[in-house]
Amino acid sequence: MTVSAQKIKKSKSESVTEESGNGAGNGSVDGKPTAHRPSRRQDIVDAAIRVFAAKSFPEASIQDVAAEADVVPSAVYYHFTGKDELFELAMRRVMDMVNEVVDQVRSEEDPEEVPSLEAVTLAVWHWVEAHPDESRLMHYHLPGATAETATLRRDFEGVHVQRAFDYLLPAAVPPTKRGAAVAHASHTLAIRTLIELLMTIHALRMDEGPLSRHASKTLSRAVVDVGERIVVTD
């Protein structure tokens, strides 16, 4: 290759690089980011959380999510099959966040002591206040706008029902299988009642809900007290 040919090739390469840096060579449309960027999928799910938190599932559209994520609708379809899958993943993300909050509290506790229901309740309480969009999505759309999210709800509750048995104070084991089954059913009912109560209270204190007028600290203390009466004490 001659020196002149090398210079021409280098000039073309630099031109392509400049165009890519300006967005002309990266697949962008109307100045919107490309669908292929590795973090784009994450950005779209984050946008979906905000959209579904503001609108009901039937009202929200892929176009709404695309606008919120600042991408074209085809970028959403590049990563997801449609609104149902996107909604499921958004809900799963929020539930995973709650699970991480609970796991963090449990990891900091003394393994020799009975886990603290109060510590977990307050940690989730503060998470709800710090994450309004995620909280609206979780508490306004459950038990589930789709079959998949209804299954997610059942699995989520199942995990926390099982964990909540750790909060029970040590007690004598019933002498019969029937007695043990009755005790287990009674504890399960108490735990499910507490979970439903907490979900309801969180929903009622959001935005302009009837519990939003009450001081957060006062209300959280009352919830902790009721929770311990339901689950921890006989």
Next on the checklist: I'd like to verify a number: residues in the range 161-197 that are closer than 19 Å to Asp225 by Cα and of a type in the set (A, V, I, L, M), how many?
Outcome noted: 10
Item to check | Test set (1) more than 30 Å from Val223 (Cβ to Cβ); (2) open to solvent by 20 Å² or more (accessible area, probe 1.4 Å); (3) free of Cβ contacts under 8 Å to residues at least 40 places away in the same chain - Ile62 fails condition number | outcome: (2)
Checklist outcome for this item: Among His141, His126, the single one that is surrounded by 15 or more Cβ atoms within 10 Å (Cβ to Cβ) and closer than 29 Å to Phe52 by Cα is His141
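Results for (1) free of Cβ contacts under 8 Å to residues at least 60 places away in the same chain; (2) surrounded by 12 or more Cβ atoms within 10 Å (Cβ to Cβ); (3) in contact with a helix residue (DSSP H, G or I) (Cβ under 7 Å, 6 or more places away or on another chain); (4) closer than 21 Å to Ala119 by Cα, shown as yes or no for each residue.
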position: Thr188; (1), (2), (3), (4): yes, yes, yes, yes
position: Ser212; (1), (2), (3), (4): yes, yes, no, no
position: Val223; (1), (2), (3), (4): no, yes, yes, yes
position: Glu228; (1), (2), (3), (4): no, yes, yes, yes
Checklist entry - Of the residues in the range 106-117, how many are surrounded by 17 or more Cβ atoms within 10 Å (Cβ to Cβ) and either in contact with a Cys (Cβ under 7 Å, 6 or more places away or on another chain) or assigned to a helix (DSSP H, G or I) (or both)? => result 1
Checklist entry - Is it fair to say Ser216 is within 18 Å of Leu122 (Cβ to Cβ), of a type in the set (S, T, N, Q), open to solvent by less than 40 Å² (accessible area, probe 1.4 Å) and in contact (Cβ under 8 Å) with a residue 24 or more places away in the chain? => result no
Checklist outcome for this item: Apart from one, (1) buried (at least 18 other Cβ atoms within 10 Å of the Cβ); (2) farther than 20 Å from Glu196 by Cβ all hold for Ser135; the odd one out is (2)
Item to check | Single condition Ala147 does not satisfy, out of (1) within 20 Å of Gly82 (Cα to Cα); (2) of a type in the set (A, V, I, L, M, F, W, C); (3) open to solvent by less than 40 Å² (accessible area, probe 1.4 Å) | outcome: (3)
Checklist entry - Considering only helices (runs of 4 or more DSSP H) fully contained in the range 1-105, which possess at least 2 residues that are modelled with pLDDT of 55 or more and under 30 Å from Arg154 (Cβ atoms)? => result 40-54, 62-69, 73-79
Checklist outcome for this item: A careful count of residues in the range 148-178 that are part of a helix (DSSP H, G or I), polar (S, T, N, Q) and free of Cβ contacts under 8 Å to residues at least 40 places away in the same chain gives 2
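The values are calculated or read from the model by the stated rules, or taken from the named source; none is laboratory data. Every value quoted in this text rests on a predicted model; they were computed, and no experiment measured them. For neighbour counting, all protein chains shown are included, and Cβ atoms are generated from backbone atoms with ideal geometry for every residue, glycine included. The accessibility values were calculated without ligands, DNA or RNA, using every heavy atom of the protein model including side chains. Shrake-Rupley method; radii C 1.70, N 1.55, O 1.52, S 1.80 Å.
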